[in-house]
Amino acid sequence: MEALKNKAREWLDSRMVQLVIGYSQGSGDSVRAVFVHDPGQVETLLFDSRCRQNLAVYLLKPEVKKMGKAALVANLTTLRAVLQLAAENQIGEHDVLTLTVNPAGELLVLSTLEAIETYVAISAPDLSVEEKAELEKYEKLGMEERWQFWQEQFSRCLKCYACRAACPLCYCSRCTVECNQPQWIPVPAHDLGNLEWNVMRAMHLAGRCVNCGDCSRACPVNIPLYLLNQKLISDVFRNFNARSGMAAKAENTLSTFKPNDKEDFIR
Amino acid sequence: MEIEIKVISRDALERVFSLWLAAGKRILAPKKTGELVDFAWVTQLSEVCLDQVQTVQSPKLAIFPKVEELFSYQTAFDQVTIQDRPLEALEEIVVFGLRPCDAAAFASLAAIFTWDSPDQLFSARFEKMTLVGVSCARADEYCFCTSVGGGPGATTGSDILLTDIGSGEYLAEIISEKGRQTVQAAAGKFQPAAGKEKESHLAKVVPSFALAKITPALAALFDDDAFWAEQSRRCLGCGACAYVCPTCACFDIQDEGAGDSGKRLRCWDSCGFSMFTLHTSGHNPRPLQSQRWRQRLMHKFAYMPERQKVLGCVGCGRCSRACPVDMNVLEHLRAIAEAKI
Amino acid sequence: MSEFQPKIVAFVCNWCTYAGADLTGTSRMKYSPQVSIIRFPCTGRIDFMLLLKAFANGADGIIVSGCHPNDCHYTSGNFHARRRWILFRGLLDFMGIDTRRIEFSWISAAEGAKWAQLVNTTAENIRKLGPFANYEKLRHQGVS
Amino acid sequence: MARIGVFICHCGENISATVDVQKVAAAAARIPGVAHSVDYKYMCSDPGQQMIKNAIKEKNLTGVVVAACSPRMHEPTFRRACAEAGLNPFLCEMANIREHCSWVHEKSDATTNKAIDLVRMMIEKVKKSKALLPIKVPVTKTALVLGGGIAGIQASLDIANTGHQVILVEKEPSIGGHMSQLSETFPTLDCSQCILTPRMVEVAQHPNITLYSYAELESLEGFIGNFKARIRKKARSLDEKLCTGCGLCIQKCPAKKIPSEFDANMGIRTAIYVPFPQAIPNKPVIDRGHCTYYLKGKCRLCEKICPTQAIRFDQEDEIIAVDVGAVVLATGFDIKHGDFFPEYGYGKYKDIIDGLQFERLASASGPTLGEIRRPSDGKIPETVVFVACAGSRDPAKGIEYCSKICCMYTAKHAMLYKHKVHEGKPYVFYMDIRAGGKMYEEFVRRAMEEDGVQYIRGRVSRIYERNGKLIVKGADTLLGARPMEIQADMVVLATAGVANAGAEELAQKVHISYDAYYFYSEAHPKLRPVETNTAGIFLAGACQAPKDIPESVAQASAAASKVAALFSQAELIREPLIAVVDRSAPPLYSTCVGCFLCQSSCPYQAIEKEEIRGRDGQLIKTVAKVNPGLCQGCGTCVALCRSKSIDIQGFSHEQVYSEVLALLNRRESDV
């Protein structure tokens, strides 16, 4: 990916950015985030199908912010996370430059939020055919089966909060699980605590999640958290025709309403 | 005591399982569910999976579970009555199929829980636990037991260590008194070894840094903020590493009650969390992830050796495997060992 | 043994449903004593976490009720609440939590009769469903 | 440790008949933190209230729970009692064991147990209650009235007459609005100018009213009692202090053929002009779009002729900043211009005109001095067709609502025509006649019966010209939808009343909500018809929905009385049951992360951005802040906030959470 390295070098040389957040070779055949702040290190940058981590998660990290203006090597969901963060007042127009590689393998410089909007506008619907099919598979299960399925999954939860840490949109400086007056979510990772934590995590991402899947990938005990997010993504789209991470100035699904929202479940 | 060497066939082992159950013991062993191999309660050998290099979680959960009740209480107007956890009610446990590194880890764990004022519940659980390990035939790039004084066939910590020597047979090393009792209880299942050896069946794990260098290097690097910032930059500050770690012992105490009754619970905690050291005043002595990452390594490689006279790491590599952002502890330790000071 | 008496919590807004329930009282209509009301300024104030807390503390059923659309004292709190419930219900259902145990309704200050009838039918439905066994189990699981 | 006092009311027998009140009092007494628990026949009686006051003093209570009737009934009573005994009123809560318990359940243990649950619930709530102080907001006692039509005039006069200052802003060169364009007014047929102009003069002369005509609102910031408005005074090209309004300039102005807006383009005016003779202020304006000097660079005749040298060609717009405590929007309406309806040929045929144009034709001060002469050739039309609902109640082409005033003014038009042209034949096509109002139905009947106006129930499908006549094709639905064809000399379309072109922009400028038609939304459709959702901003007249004169005036006076009420105290005092955003110790400062979801959810624009800065002035973070003047305490933001950084006083997280737990967790000692 020479183009990528050259652009990174150019920007670092010209002090246009102080930092390039990208991917480099990790342990075994994995890739990992890298923070290139000196032009000498650009050779470590790479971009391929393994680069799935949503690097937008690093934009709000104080340690990273301190390093100065950043360029972000971004895949599609990372770009959408950037827009969503902008829509939630977390980053401004001039806080970040993004570099992406389009399906044709060409390097694209998206230097404004507007440019990102135009690029993601053509992206495919949030849920792929396979994802829809899998979701439906679970939706079709009986209620008791669904309960058993999720109880089994959640019983493994360690409350390590890797899902939260890996999520670019879980940026609260104090998460609700850390409120203890009142104690909204039990701290212990027992079954009740795990259920409540997971309901809350999913609800707090409703209308915000960009379906990057990092929560599931981060989970050390393989809880399919993406199913919960995708359930809400599809409900948000079906009911409110909304998609998160598509615009830098979008109002949130849950902080807005339409007088004719469906209410067939209300007596 | 002198290590006794025997062999046992898979079938015999299967029967030993039923003997354990019959004797009212619960068996905790690696079990495969989907892609995931992790410790779970089993009733027969056939449920057990031994192909993996390592389980996701460590067997510490046998005696230091993620949530445990310490005591329960009742209030009546203004009096409170407390019922302590009845220790005699705890079950006997056999942890089967743990790796030599895991067995060694219990020493570090015990060192913390019995240091200064011993933890009754932990000690009681420890007493009622027998460790029947299985040595490692395979290792991966995350393994570094040999760099921290262990090995794929190391016997430290285990009561019995089995090694798969092929043709459905395991070489059994009887290491402790508990081990011997286990063999006696399983009358005749364990046979004389007749000169069989395990070495050729063990994984090769090449030492990758000099442990001797780590502790002094840490002391020298303590104030090198740039070094720690560089090391920890991609760390997200989750608790995955601590929760899968066989020696991490940090815990939180939570009271859960409603109406006029409740219980006090102990649950895992992690020094990686940003609020771990947050004071009521709002001050946080470790505001940066780099400081929290440093703390994790200092604790394992400097503070524990100094206070508990035992290393806080056994080189199982779980933290590296579990890390969402590929914080490979082995790399970091190498860097520390090789740092110019 | 005596018939199962469910515990039902009603989360209602102050301006419509609470007043409606007052009217039920002043009109001396009778309903099941298994239901108790918690008063909120507006359905918009009702945090979905509170519903989980109710189940976690042994509620067998929940009623959530406020002003009819366009009647909200604050003009739009109920609209915001409605969106929240659309997604929350979907999620709970997906997780296998029986949403038949949560009754949503709009009840105005004039609908005292509707309140009585809602309470009675809900109490009856929950009685049929029986105790929330799954959740009851959940409350004690996962502690070693 | 809390020291709660619990007072169980029998309410005569209303409660004690079905609830074992002694048992409830005894159970409450056993709850930790309860220092005093008694039952009494009538808690709300004087001796009852005295019991509470005494207990507060003697037992030095930290909270009070009164288990009695609905808090909607007696909460104020008991909170006052507590306050009188020196306990913060917000540390007193009521358990509703009458309406929600004794009255709706049979006498049984279950009923008593429920009463105990409710009491326990409120005890736990009060334990988490905090002492709250009322919110005080200072009030600037000057009102800003936008729009100088009849509504704005009425509102200004009413407010000014209560002794408060009024700033009246009108975008046209003169106040008067649409009413000044009208000929006569229904149902009395008195001349519009005759009743309006005295009011206009009153405005001009009122010591408490400052009038800015030919001016518009530039911006409005702030909140109730404390708005900062910036007004753009458009350049009149003339020094108003020097101008005497003698009108010489107007006579001399060479650019004479400019269609007059005031005459709805039925007449003409000069480039320097006053819209109409009785204009207030009676000072001309130079229309720079048509003035020869501005277009060609020479002329300046007016400047030469002006006896007081008042002309200022180089004058620029002026921005005037004012502090006001309340705003009244009276920006009025517009009519849908006929050209949206090609079938009716408006714009194509000169003699098809709209309602306002007919008003000018019929007006004694209009271009024809009140004679009904058709625009094309000035002939007096023998047959005139009036088309009601031209655009109204027409989801397909026009607007869905009823414009409300057309039925009446169409009847008036037909009458006026008949009165002026005795031989004339007026026809009215209508859908329904909506003549609700004092003397309205009678008025329409008069048109039909005394003035012989022909009413045809049906819609007009098409209007076109055939040898000098306008052919109006329609159907008479009362005669089996028989097709009708009328040969008319003139057609008057009662086009729909719609919101002003600039209505949306203004709404956004002042942060109020508006409906799908850009009419401004009232705070509550029934109970708060003249308030908006933004505290301190009120509505008058047709900017809220089409209205006739009496309605506009009534609403204007209502808005004025709201303003007067607001101005009646030195400070605005409000219940402190509002949302607050967390503030914590550095380095966090606040748990709010500034996502501002709350902002878009707030119906009252009460959430602002606050920049937290370090000692060095460095921006640390931007967080949400609730404006206590605007927040109404619905709590929608509270439930939305992911980090639980907003809480609402009186229904706080801790309070409602404890209620849920207390309600569901009976103690053994309770039963």
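The values are calculated or read from the model by the stated rules, or taken from the named source; none is laboratory data. Since the structure is predicted, the reported quantities are computational estimates derived from the model, not experimental observations. Neighbour counts are summed over all protein chains in view; Cβ atoms, including those assigned to glycine, are modelled from backbone coordinates with ideal geometry.
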Name the pairs: first residue in the stretch A:103-122 and without any contact (Cβ under 8 Å) to a residue 40 or more places away in the chain, second residue basic (Lys, Arg), Cβ to Cβ under 9 Å, at least 6 apart or on different chains? none
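This table checks each residue for (1) modelled with pLDDT of 95 or more; (2) within 30 Å of B:Leu278 (Cβ to Cβ); (3) not in a helix (DSSP H, G or I).
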position: A:Thr118; (1), (2), (3): yes, no, no
position: A:Leu127; (1), (2), (3): no, no, yes
position: A:Ala133; (1), (2), (3): yes, no, no
position: A:Lys137; (1), (2), (3): yes, no, no
position: A:Cys157; (1), (2), (3): yes, yes, yes
position: A:Arg174; (1), (2), (3): no, yes, yes
Pick from the stretch D:107-127, criterion facing chain C (nearest Cβ under 7 Å) and under 16 Å from D:Ser16 (Cβ atoms), ranking: surrounded by the fewest Cβ atoms within 10 Å (Cβ to Cβ): D:Thr111
Filter the strands (runs of 3 or more DSSP E) completely within the stretch C:1-110 down to those with at least 3 residues that are over 19 Å from D:Leu118 (Cβ atoms). C:102-106
Scanning the stretch D:522-544 for residues that are assigned to a loop (DSSP other than H, G, I, E, B) and either hydroxyl-bearing (Ser, Thr, Tyr) or at positive phi (or both), which turns out farthest from the other protein chains (Cβ to nearest Cβ)? D:Gly536
Scan the stretch B:40-70 for residues that are more than 25 Å from A:Pro188 (Cβ to Cβ) and among the polar types (S, T, N, Q) and report the count. 5
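One line per residue, one yes/no per condition, for (1) among the β-branched types (Val, Ile, Thr); (2) not in a loop (DSSP other than H, G, I, E, B):
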| residue | (1), (2) |
| --- | --- |
| D:Ala264 | no, no |
| D:Pro277 | no, no |
| D:Asn282 | no, no |
| D:Arg288 | no, no |
| D:Tyr294 | no, yes |
| D:Cys302 | no, yes |
| D:Glu316 | no, no |
| D:Ile319 | yes, yes |
Could you grab me the full set of residues in the stretch D:558-573 that are modelled with pLDDT under 95 and buried (at least 19 other Cβ atoms within 10 Å of the Cβ)? D:Leu572
Just to be sure I understand, how many residues within the stretch A:205-222 are facing another protein chain (nearest Cβ under 10 Å), crowded, with 22+ Cβ neighbours inside 10 Å and not small (Gly, Ala, Ser)? 6
Elements of type strands (runs of 3 or more DSSP E) in the stretch B:1-109, at least 1 residues being modelled with pLDDT of 95 or more and within 14 Å of chain C (Cβ to nearest Cβ): B:25-33, B:36-42, B:67-76, B:92-98
Among the numbered conditions (1) modelled with pLDDT under 95; (2) under 21 Å from A:Asn239 (Cβ atoms); (3) facing another protein chain (nearest Cβ under 7 Å), tell me where C:Ala19 comes up short. (2)
Some residue of the stretch B:224-233 being of a type in the set (S, T, N, Q), surrounded by 22 or more Cβ atoms within 10 Å (Cβ to Cβ) and not assigned by TED's automatic domain parsing to the domain that holds B:Glu127: yes
Among the listed residues D:Arg583, D:Arg482, identify the single one that is assigned by TED's automatic domain parsing to the domain that holds D:Ser645, free of Cβ contacts under 8 Å to residues at least 24 places away in the same chain and touching a strand residue (DSSP E or B) at 6+ places or on another chain (Cβ under 9 Å). D:Arg583
Of the residues in the stretch D:620-664 that are away from chain C (no Cβ under 13 Å), assigned to a strand (DSSP E or B) and within 35 Å of the chain's Cα centre (by Cα), the one that is surrounded by the most Cβ atoms within 10 Å (Cβ to Cβ) is D:Ala624
Search result, residues across the stretch B:283-338 that are within 23 Å of B:Ala107 (Cα to Cα), over 16 Å from the mean Cα position of the chain (by Cα) and part of a loop (DSSP other than H, G, I, E, B): B:Gln308, B:Lys309
Evaluate the following for C:Gly142: is it within 26 Å of A:Leu158 (Cβ to Cβ) and not in a helix (DSSP H, G or I)? yes
Out of the stretch B:129-157, which residues are in a loop (DSSP other than H, G, I, E, B) and polar (S, T, N, Q)? B:Ser135, B:Thr155, B:Thr156
So C:Asp98 fits all but one of (1) surrounded by fewer than 21 Cβ atoms within 10 Å (Cβ to Cβ); (2) more than 9 Å from chain A (Cβ to nearest Cβ); (3) at pLDDT 95 or above; what number is the exception? (2)
Name the single residue that is nearest to D:Asn226 (Cα to Cα) among those in the stretch D:585-603 being crowded, with 20+ Cβ neighbours inside 10 Å, more than 8 Å from every other protein chain (Cβ to nearest Cβ) and not small (Gly, Ala, Ser). D:Cys602
Criterion first (touching a helix residue (DSSP H, G or I) at 6+ places or on another chain (Cβ under 9 Å), within 14 Å of chain D (Cβ to nearest Cβ), farther than 27 Å from B:Phe39 by Cα and at pLDDT 95 or above) does B:Arg234 satisfy it? no
Just to be sure before I move on: is A:Gln84 more than 14 Å from chain B (Cβ to nearest Cβ), in contact with a Gly (Cβ under 8 Å, 6 or more places away or on another chain) and outside any helix (DSSP H, G or I) in the structure I sent? no
Just wondering, is there one or more residues in the stretch D:388-407 that are of a type in the set (Phe, Trp, Tyr), surrounded by fewer than 20 Cβ atoms within 10 Å (Cβ to Cβ) and in contact (Cβ under 8 Å) with a residue 40 or more places away in the chain? yes
Go through the stretch B:188-227 and give me each residue that's touching a Lys or Arg at 6+ places or on another chain (Cβ under 7 Å) and in a loop (DSSP other than H, G, I, E, B). B:Lys189, B:Phe190, B:Ala193, B:Ala203, B:Ser208, B:Phe209
Test result for B:Met298, surrounded by fewer than 22 Cβ atoms within 10 Å (Cβ to Cβ), within 8 Å of another protein chain (Cβ to nearest Cβ) and at negative phi: no
Return the residues of the stretch D:159-187 that are over 21 Å from D:Asp334 (Cβ atoms) and touching a residue at least 60 places away in the same chain (Cβ under 8 Å); say none if nothing qualifies. D:Ile159, D:Thr162, D:His164, D:Ile167, D:Glu184, D:Pro187
Residue, farthest from C:Ala123 (Cα to Cα), within the stretch C:22-38, restricted to residues that are at the interface with another protein chain (Cβ under 7 Å from one of its Cβ atoms) and under 12 Å from the mean Cα position of the chain (by Cα): C:Ile38
Scan (1) surrounded by fewer than 24 Cβ atoms within 10 Å (Cβ to Cβ); (2) in contact with a strand residue (DSSP E or B) (Cβ under 9 Å, 6 or more places away or on another chain); (3) more than 7 Å from chain D (Cβ to nearest Cβ); (4) at pLDDT 95 or above for the single condition C:His68 breaks and write down its number. (4)
Consider D:Tyr409 carefully, then state whether it is closer than 16 Å to D:Val491 by Cβ and not in a helix (DSSP H, G or I). no
